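Data block below; observations after.
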Amino acid sequence: MDDIDVNRPPECTQADVTLVTRGITVTACVDVSTDYALVVSPQGEGSAWKTALSPGDKVEVFWVAGNEERTLPAKIVEVEDGEEPRWHLAATGPAERSQRRKAVRARLSLPVIMPWADSQLIGTTVDLSEAGMRAQVDGWGVPPEKGTRMQVTIDLEKGFVDLHGELIWVVPDRGPQWLLAMRFDDVRELDADRLRQRVFEALRAERALARG
C-alpha cells in the first residue's frame, strides 16, 4: 500500500465526500490528488449538493486503501460550476482510519446457494459487503416475499461462509432468473473479516484495472 493511498485518495478512483454542515454524502471521481491539491468531480442525480456551496465549507473525504477505509478532513477552496462541476479541496488535518459505520461494497460474482421451499436457489452475487448482498439466482415456483428469513452459503474462492438474514426485495420478472437483495444479520466477527477481505481484494483489482 503506497503512502499516497494512505494520505490521499489515488487519482482516477472514486471517493465519498460528505458535506459536513448538510449531512449529504456524494460519490466523486478523484481528478487530481497530490500533497498540495485535491480536486474531485461529484457524480449522481439531484441538486441538493450542487447548490450554494461556498469556499470554506467543511467536508470529509472517504476512500478505500488496502484493507481499510481512510478519511481526510478538508474544506472547499474553489467550486467550478457547469454541467460537470469540480470541487477543489484543501486538507485541514491528517488522514486517519475511518470510524464511520459503513459496509464497503464491491462488485463480485461469487457462487451462492440459498435453501428455499424444500430445495435451493442457486446463482451468483452481483455485489457483496459484510452487511449484505445482491444476487441473481435461478428462479422457480413462487419467489420468497420481502422480509422472508433466508440462509445463504457463499463461495469466497478461499472457503465457504454460511450466513443468515432477511430478504430486502426480490425482482422475479427477469425470465428464469430472480434478482434479490439480502441483509445479513448477526455475522460472526471471523466471517465479517473474511467477507471484508474478499471485498477489498475485489476493490484493489478493480482499481488496478482502471489504472491500466
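Structure data summary
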item: Of all residues making up the stretch 185-205, the number that are modelled with pLDDT of 85 or more, among the aliphatic types (A, V, I, L, M) and surrounded by fewer than 17 Cβ atoms within 10 Å (Cβ to Cβ); result: 1
item: The stretch 106-136, residues that are among the hydroxyl-bearing types (Ser, Thr, Tyr) and over 20 Å from Lys158 (Cβ atoms); result: Ser119
item: Candidates Glu84, Glu145, Glu166, filtered to the one that is part of a loop (DSSP other than H, G, I, E, B) and touching a strand residue (DSSP E or B) at 6+ places or on another chain (Cβ under 7 Å); result: Glu84
item: Residues of the stretch 20-41 that turn out to be part of a strand (DSSP E or B) and either within 14 Å of Arg86 (Cα to Cα) or at pLDDT 90 or above (or both), as a count; result: 12
item: Residues being in a strand (DSSP E or B) and of a type in the set (Asp, Glu) - total across the stretch 118-132; result: 1
item: Residue that is modelled with the lowest pLDDT, among those in the stretch 42-100 that are surrounded by fewer than 18 Cβ atoms within 10 Å (Cβ to Cβ) and among the polar types (S, T, N, Q); result: Ser47
item: First in the stretch 25-40 and surrounded by fewer than 20 Cβ atoms within 10 Å (Cβ to Cβ), second anywhere and small (Gly, Ala, Ser), Cβ under 6 Å, 6 or more apart; result: Val26/Gly44; Cys29/Ser41; Asp31/Ser41
item: Where Gln136 falls short, out of the listed (1) surrounded by 15 or more Cβ atoms within 10 Å (Cβ to Cβ); (2) not assigned by TED's automatic domain parsing to the domain that holds Asp186; result: (2)
item: Residue tally, condition among the acidic types (Asp, Glu) and either in contact with a Pro (Cβ under 6 Å, 6 or more places away or on another chain) or surrounded by 13 or more Cβ atoms within 10 Å (Cβ to Cβ) (or both), over the stretch 156-184; result: 1
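The values are calculated or read from the model by the stated rules, or taken from the named source; none is laboratory data. Nothing here was measured: the structure is a model prediction, and the numbers come from that model. Glycine gets a Cβ as well: all are built from the backbone with ideal geometry, and neighbour counts include every protein chain shown.
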